[in-house]
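The values are calculated or read from the model by the stated rules, or taken from the named source; none is laboratory data. From a predicted model like this one, the values you see are computed outputs, not experimental measurements. Neighbour counts are summed over all protein chains in view; Cβ atoms, including those assigned to glycine, are modelled from backbone coordinates with ideal geometry.
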Amino acid sequence: MASLRLILKSVVYIVVLAFGMVPAAGQDQGPVLAGKAESLIVARCIRCHAGDEAKGGLDLSTRIAALKGGKNGPSFAPANSEDSLMWQRVADDEMPPKSPLPDDEKRILAAWIDSGAAWPDQPIDPFRRSTARSAGYDWWSFRPVRSVFPEIADTKTPGANPVDTFVDRELARNDLKPNPRSRPRDLIRRLSFDLTGLPPSPELVRAFEADPSQAHYLRIVDTMLASPRFGERWARHWLDVVRYGESTGFERNEPNFTIWPYRDWVIKAINDDMPFDRFARMQIAGDLENPGQEGAAASAFLVAGVHNTVIGVSRRMRLLARQDELEETIGTLGQAFLGLTVQCARCHDHKFDPISSREYYGMIAAIDGVQHGERVFENLDAQVRRADLESRFESVSARIAALEARARASAPVAESRRPEPKRKDLPVPYAMWSFDNGPEDEAGNLHGQLVGGARIESGALVLDGVSAWFRTPTLKKYLGIKTFEAWVMTDDLDQRGGGVISLQSNDGGIFDAIVFGEQETRRWMAGSDGFSRTASFRGQEETEAKTRPVHVAIVWDKDGVVSAYRDGMPYGTPYKTVPAKFPLNDTHLAIGLRHLPAGGNRMFRGRVLRAAVYDRALKPAEIERSAARESGFVSPEELAARLGPEAARQHGELRRQRQGLAEELARVVAAPKPKIYAVQANAQPEKMRVHVRGDINEFGPEVAPAGLKALGASSDWGLTPDAPDRDRRTRLAAWITSKDNPAFPRVIVNRLWHHHFGTGIVETPNDFGFNGGRPSHPELLDFLARKLIDEGYRLKPIHRLIVTSEAYMRSSDPNPVNSATDAAGRFLWRHAPSRLEGEAIRDAMLAISGTANPAMGGPGFVDVSVTPNNGTTYYEPIDSDDQELQRRTVYRFSPRGGRSTLLDTFDCPDSATTSPRRNVTTTPLQALSLLHGDFTVRMARETARRIEAERLPGVEEQLARAWSLILQRSPDSVEAEMSRKLLERHGLWAVCLGLFNANEFVVVP
Amino acid sequence: MSGNEPANAANLGLSRRQWLTHWGIQGLAATAIIDLMSRDSRAADRSRPAPEEPHPLLPKVKRAIHINLVGGLSHVDSFDYRPELIARHGKSLVTDETPDTFNGKIGLLRKPDWRFAPRGQSGLMVSELFPHIARQADLITVVRSMTSESANHTPALFYANSGFQFNGFPSLGSWLSFGLGNESDDLPAFVVLPDQRGGPNGGASNWSSGFLPAEHQGVVFHGGAEPVRELFAPTPEGRSAEGEILGFIDSVNRRHAASGAGDSLLEARMRSYALAARMQLSVPETAAIDGETDETRELYGLNDPRCAEFGRRCLLARRLAERGVRFIQLFSGGPIAGSPRASWDAHENVSQNHGAEAVRIDKPVAALLADCHRRGLLDDTLILFTTEFGRTPFAQSEGNVAGPGRDHNRYGFSLWMAGGGLKPGVTYGSTDDIGWKAVEKPSTWHDFHATVLRLFGIDHTRLTYYHNGIERRLTNVHGEVMRDILA
């Protein structure tokens, strides 16, 4: 081998001498040579020999590093190629592996080493140039979007659609003869399914056949673009891209019934033609920039993917699950908005695109504040209504109080007390305090002790909410099953967490208590240590306890069932938990304190007019009877007697008003609050660190949230690794939507093209990197991207431009001559026919049968049974004629693995990963589904019923109607005869079912 | 609107065609695939670099029956004999690392609950947990050094099926359907027979075709008169009209084709209706096991209520294999949680749980082996017996107790294979003395998948499908064929 090297070197010398470029002396030649050598290193060596994981430890990005060399020693000897390892390996064709350098490049390398091997001042960036195997910063999709298009100025047809200028040029270059315009019926069918996802009405087809002028076509285009159906149709395409699904996936696969606001937001944004840059920003940082329901709904983009909720206990598993989650999100985000597979750089630098692993971690740092969750919002309408009701309630209460004050002034309260109901009707308490005379237990001997400034006043225990409480001695009895009741007034309806009656271990560690406003504002709950036996009763919000005593009771029954009562009536609904285990002979009862230690929000502020504890579960009737005895206050009857007739009438009227207001208030308060599955932001995420080789246990350097160098806009956001979530995500959103980012507009206009023509200008809409497709019409792609920016990022003008081009309107007829050179029609000599998506097939049937329910928005309709089974969830298809189920498919509740044979077999994706384009398969199972599915058969019958109800003169007219509804054309005589025979044998429904299965129905020309 | 997938099929274009020809597949389905592919590959060539031409390897098997144990079979109680574990029963695990289990309780080492013995001519060690399978030990090849990335059920099950721990990746059956097409004209290429107690966690996501075209997804066969959903018209009226409706559709489509609108998509659709009609005959015929002899029924345990359910599925699997179904997957075990458990997830008590589960499948699986063997079917059929991960050699209990349950063990576990191209009656790799970690020839699911594909004559690095920026493989970027077990 050495001899070969020598021969080669001598060749170099001969060449060099021949051209008079003596390396050692040729100082002038240095920069040229160095430039060539640098290009060579960039193109041939640097992808493996740079960065944290440089092969063989050899880093060629700087001269110093190269001199230091890798594990085999220094890579070169200055000015001596013969002794340089680098030259030896290259000359022996060992490097680069599998693709040795051509001789001319070898000569450059040797000459350069011999000239002293000058390196550039800055380290060589391994991603600077594209190579035969990978994309660099100069890759086509990272170049700026062109802004000048001489093609347009040069066009010979003034007023031509610029789209055609670009397309026609390529057709001419490739010697392809474009098809003529489509037949009017075909064109309207194509346009209607494309823009609205629904078939055109027979009337529209007829009208266009009568007047197929351009002006008429434009009117139809504008009508369809303005139709709400447009947003429903095109939202589905976006939902595919963002892997929108309505269950968690993985083991549990639990349904997600609160993420639909995202779907509604997308539909509305598309219908309103929200500028696409804003559309993107809202999805990345909407919850930060637009706090409220809209921003939250939009942010669900980040959390719409599968989400593992069963992780295990080990730290490794938790970290891994989090890193997987971040990869899933950044992967979707990168593909959706940048056409880049950022996620491939998690374990190593991207193998094909210029994305370093470090950059990957900078990107996930940008979204590390994103957590999955459900956010509860106030219902804004209800809030306004509630404020109004509350103020009226307050004013009526004040007037009642004024009247009552007058009455009370006429007689002492204590004397006006009603006699107690007969004792035999009342349950016998274990302990009871009426506070009429003092802290004594009137049922047993649990005489209480006033603590922390508690006092008894006017027959009530007065609690200051700060330190006052009431305690009994240690109990002799074990109170597992029990009932607490209290007549209680609060000083403040907004206090949080005070205990009314509590059974607690003497150290306060274990307790069961009646608490007010603890987990839920203004609500009564059963408090417990660590909320271990606490759940919402979903009772109504308390509005009255400030103005009158209310009776509150909670029953802890056997088997851990806890139920609550207010004023003797059930308060919300009971729930089941596990009974407490109190220590034996080590508990006491407390009033005014949730649990020890005293203080904080554990203290109740208000009055307890009577309290009782039972050592059994009272029955509802017992509680009702007990509640009926009054405490402390003058009864309405007595009040009336003292007020005199006129004031008493007024008093009664006010009380009725107050009752009415209270009931209405309760209804408003009980109105469900909007819940939205969205980003639950962690405002201050931890510093992100690189995981070397993606290994969860290998921590590399800290990284600041940052973008990718490859894309024009500055990747350095000036953030530090400890930046808050707000800065991270708003900067990410700004960077992605920056006008300097060429990928952003290109990727979205290519998606539009993809859906209008069946194949994008780039046939891989999610991947503009090395592994993706190359643009068939690069200038056109840039023209459309520039146009989008000029249009303020509004998409409808781009749609309009595309669908009004001749290229779009061409017929799909075959042409064997063209097919010989361009079978796939990439140059658009025809508009490719397309098989309808599963959703469009279903929606079309609903529309044709006249049973479609056009209701927009809201929770999805559920056409599967949802069966939780031991930690997982099964979804089985169901069909019914329920109105809800007749809505458009975009409103379908769509769990992952949620089977619908029609949608499944017609290639609707399962939304586990982003799906920028649908597969198109043709299978026997598809045929079976369209022939036998409960839904399709029902649709055939409904269509027949609809036609029969139209009372057409005869069978012939009925059949013609079926053909025109389903295929938007009339049958010819043979078809009419075939149809008539089938109708006579089996009925009109059989004809309809047959037509739904016809190729012409599922394939749009 | 969607178009055809131009780039994707091209990667395999010619090679698939060769395979199809190699198998001598005839019939319309195969033709349709070839039609579509040859068209698409031309389209794709222009804008993307064509991958190198794959070289078909010599295939040993044509189809596989995969018995998938949900929940985690204890290898130290079944196929991995560790005398040292018996000797150290009741001692603590000596290690300075924290084992990555699911529940985190590290009890004392626990000996197997079943006695091991050498079996057959080969002397392969199989425990009394599977007495019937033990009698077929000379037919099976045990890999004792499996490892998994996940000790968490669903990711682990996805991983075993698809090479990835997440939803959305095609499973082995889908890849085989994609790579080799269908041997049968009138049955699906990939059939799934779930446990009657319920599907595994993740449900249909386990046999999803992921990003591969929908035709490669697993089709569930149910019991009863309509084994495949929507096989027949839902009403008697519909059934009596079916023939004429099909005739009508065919006439309408033919006239449409004749009008000049015809293309390969239309031809494929017309063929799909013909195939659907044939499926209506072939599916019930295949599912009807009544015609099997009493001896066969007895062999598969159909007369024993404890194992009749799994026995029926094993027998159906053999019938599907005979008729050319490429991949048949049987699940043993339903959802993970619940009490008593309906899977192999023996956290609480291995003896009770595995004892009960094994009785359900031992006799039928052994029967499947024996029956396929005597019919010669095993020569070109692969039987796979796998689980999610193993179980810990130490008990899942307090640190001072050798309790009756075992936790998840992803560091080492066993599976076995049987059929054409394999060395029978041997073991491959080994765990450490106590059966905790694979130490000799540690193997991954990617290695397993690479080996299975190799037996089918496929180089796992060349069976690819472009999806979102990556030429995806079943084996991701990993996978080494376990050459030592190849005959």
As an exercise: evaluate A:Asn815 against (1) over 30 Å from A:Arg938 (Cα atoms); (2) surrounded by 21 or more Cβ atoms within 10 Å (Cβ to Cβ) and give the number of the one condition it does not meet. (2)
State all residues of the range B:232-244 that are over 35 Å from the mean Cα position of the chain (by Cα) and more than 8 Å from chain A (Cβ to nearest Cβ); if no residue qualifies, say none. B:Pro236, B:Gly243
What's the number of the condition A:Gly760 fails, among (1) assigned to a loop (DSSP other than H, G, I, E, B); (2) surrounded by fewer than 24 Cβ atoms within 10 Å (Cβ to Cβ)? (2)
Report yes if some residue within the range A:334-343 is of a type in the set (A, V, I, L, M, F, W, C), without any contact (Cβ under 8 Å) to a residue 60 or more places away in the chain and in a helix (DSSP H, G or I); otherwise report no. no
Scan the helices (runs of 4 or more DSSP H) fully inside the range B:126-231 and keep the ones with 1 or more residues being surrounded by 24 or more Cβ atoms within 10 Å (Cβ to Cβ), at pLDDT below 90 and within 11 Å of chain A (Cβ to nearest Cβ). B:153-162
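Rundown of residues vs (1) part of a strand (DSSP E or B); (2) touching a helix residue (DSSP H, G or I) at 6+ places or on another chain (Cβ under 9 Å); (3) among the β-branched types (Val, Ile, Thr); (4) within 25 Å of B:Gly324 (Cβ to Cβ), yes/no style:
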residue	(1), (2), (3), (4)
B:His446	no, no, no, no
B:Ala450	no, no, no, yes
B:Gly457	no, yes, no, yes
B:Thr461	no, yes, yes, no
B:Tyr466	yes, yes, no, no
B:Thr475	no, yes, yes, no
B:His478	no, yes, no, no
B:Asp484	no, no, no, no
For the range A:499-510, which positions are of a type outside the set (S, T, N, Q) and modelled with pLDDT under 95? A:Asp507, A:Gly508, A:Gly509, A:Ile510
Tell me yes or no: at least one residue of the range A:305-316 is in a loop (DSSP other than H, G, I, E, B), more than 13 Å from chain B (Cβ to nearest Cβ), of a type outside the set (Asp, Glu) and surrounded by 22 or more Cβ atoms within 10 Å (Cβ to Cβ). no
One residue from A:Met317, A:Met363 being free of Cβ contacts under 8 Å to residues at least 12 places away in the same chain and within 25 Å of A:Glu702 (Cβ to Cβ): A:Met317
Of the listed residues (A:Gly373, A:Gly369), the one being touching an Asp or Glu at 6+ places or on another chain (Cβ under 7 Å) and more than 14 Å from every other protein chain (Cβ to nearest Cβ) is A:Gly369
Test A:Thr901 against the criterion of being within 10 Å of chain B (Cβ to nearest Cβ), hydroxyl-bearing (Ser, Thr, Tyr), touching a residue at least 12 places away in the same chain (Cβ under 8 Å) and surrounded by fewer than 24 Cβ atoms within 10 Å (Cβ to Cβ), and give yes or no. yes
Just checking, how many residues over the range B:465-487 are surrounded by 20 or more Cβ atoms within 10 Å (Cβ to Cβ), in contact (Cβ under 8 Å) with a residue 24 or more places away in the chain and either within 11 Å of another protein chain (Cβ to nearest Cβ) or among the basic types (Lys, Arg) (or both)? 6
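Yes/no matrix, rows are residues, columns are (1) farther than 25 Å from A:Ile188 by Cα; (2) not hydrophobic (A, V, I, L, M, F, W, C):
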| position | (1), (2) |
| --- | --- |
| A:Leu928 | yes, no |
| A:Asp934 | yes, yes |
| A:Val955 | yes, no |
| A:Gln958 | no, yes |
| A:Ala962 | no, no |
| A:Ala976 | no, no |
| A:Leu983 | yes, no |
| A:Gly987 | yes, yes |
Those residues of the range B:282-320 which are among the charged types (D, E, K, R) and touching a residue at least 60 places away in the same chain (Cβ under 8 Å) amount to B:Glu309, B:Arg312, B:Arg313, B:Arg318
The range B:433-444: number of residues that are part of a loop (DSSP other than H, G, I, E, B) and among the polar types (S, T, N, Q): 1
Quick one: would you say A:Ala743 is within 14 Å of chain B (Cβ to nearest Cβ) and either closer than 23 Å to A:Thr332 by Cα or in contact with a strand residue (DSSP E or B) (Cβ under 8 Å, 6 or more places away or on another chain) (or both)? yes
Name the residue, out of B:Ile361, B:Ile383, B:Ile336, that is within 14 Å of chain A (Cβ to nearest Cβ), crowded, with 24+ Cβ neighbours inside 10 Å and in contact (Cβ under 8 Å) with a residue 24 or more places away in the chain. B:Ile336
In the list A:Leu461, A:Leu446, A:Leu426, A:Leu450, which residue meets the criterion of being of a type in the set (A, V, I, L, M, F, W, C), without any contact (Cβ under 8 Å) to a residue 60 or more places away in the chain and assigned by TED's automatic domain parsing to the domain that holds A:Trp524? A:Leu450
Just need a number here: residues in the range A:794-828 that are within 13 Å of another protein chain (Cβ to nearest Cβ) and not in a helix (DSSP H, G or I). 12
Screening A:Ala298, A:Ala336, A:Ala285 for residues that are within 15 Å of the chain's Cα centre (by Cα), surrounded by 23 or more Cβ atoms within 10 Å (Cβ to Cβ), within 13 Å of another protein chain (Cβ to nearest Cβ) and over 23 Å from B:Asn201 (Cα atoms) leaves only A:Ala336
Inspect all residues belonging to the range A:387-394 and state whether any of them is of a type outside the set (Lys, Arg), in contact (Cβ under 8 Å) with a residue 60 or more places away in the chain and farther than 30 Å from A:Glu653 by Cα. no
Is at least one residue of the range A:185-205 small (Gly, Ala, Ser) and under 23 Å from A:Ala824 (Cα atoms)? no
Tell me the residue from B:Phe248, B:Phe211 that is hydrophobic (A, V, I, L, M, F, W, C), over 15 Å from the mean Cα position of the chain (by Cα) and assigned by TED's automatic domain parsing to the domain that holds B:Gly311, please. B:Phe211
Return the only residue of A:Arg896, A:Arg842, A:Arg835 being touching a residue at least 60 places away in the same chain (Cβ under 8 Å), touching a strand residue (DSSP E or B) at 6+ places or on another chain (Cβ under 6 Å), surrounded by 23 or more Cβ atoms within 10 Å (Cβ to Cβ) and farther than 19 Å from B:Ser205 by Cα. A:Arg835
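Sort through A:Asp164, A:Asp114, A:Asp83, A:Asp168 and tell me the only one that's more than 39 Å from the chain's Cα centre (by Cα), buried (at least 17 other Cβ atoms within 10 Å of the Cβ), over 16 Å from A:Leu40 (Cβ atoms) and charged (D, E, K, R).
A:Asp168
Can you find a residue that is assigned to a helix (DSSP H, G or I), within 11 Å of another protein chain (Cβ to nearest Cβ), touching a Phe, Trp or Tyr at 6+ places or on another chain (Cβ under 7 Å) and closer than 25 Å to A:Met856 by Cβ anywhere in the range A:868-887?
no
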